[in-house]
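**Q** Please read through the structure below; I'll follow up with questions.
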Amino acid sequence: MVDTALIGILIDGAGFQVLPFTTVAAAIALHGNRVSRRSVTGQARNVLCGMGVCQECRVTIDGHAHVLGCQTLCCEGMLIETAS
C-alpha cells in the first residue's frame, strides 16, 4: 500500500501541499511559479533539462543556496525560496 499523506512545504512564504516523492522543481511548477532563479542579467530562468545538468532549477532550500530543485525531493516543512 502506498502512503499518500500530503507533505506541507512553503514556497516563497506561501503554504502548499504535495504528494510524497515530488521534486522541488515539480512542486514549484505545480503551484504556478514559472521562475526558479534569475540569470546574472536578471532574466527569469526555470527548469530546462529536469535531470541536474543545466542547473537552471537552482533555488534556496532551508537557507542553503544553489540547491538543484529537480534533484531534491520535498520534505515536510521545507522552506523553498525562488527568485520570482
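The values are calculated or read from the model by the stated rules, or taken from the named source; none is laboratory data. The structure displayed is predicted, hence computed values, not measured ones. Methodologically, a virtual Cβ is constructed for each residue, glycine included, from the backbone with ideal geometry; neighbour enumeration extends over all protein chains shown.
**Q** Is there a residue in the range 61-75 that is touching a residue at least 40 places away in the same chain (Cβ under 8 Å) and more than 10 Å from the chain's Cα centre (by Cα)?
**A** Looking through the range 61-75, at least one residue is touching a residue at least 40 places away in the same chain (Cβ under 8 Å) and more than 10 Å from the chain's Cα centre (by Cα).
**Q** Search the range 20-36 for residues being modelled with pLDDT under 85 and either surrounded by 13 or more Cβ atoms within 10 Å (Cβ to Cβ) or over 13 Å from the mean Cα position of the chain (by Cα) (or both), and hand back the single one that is farthest from ALA83 (Cα to Cα).
**A** So the residue we want is ASN33.
**Q** Identify, please: which residue in the range 8-42 is among the aliphatic types (A, V, I, L, M) and assigned to a loop (DSSP other than H, G, I, E, B) and is, among those, nearest to CYS70 (Cα to Cα)?
**A** Ranking the qualifying residues of the range 8-42, first place goes to VAL35.
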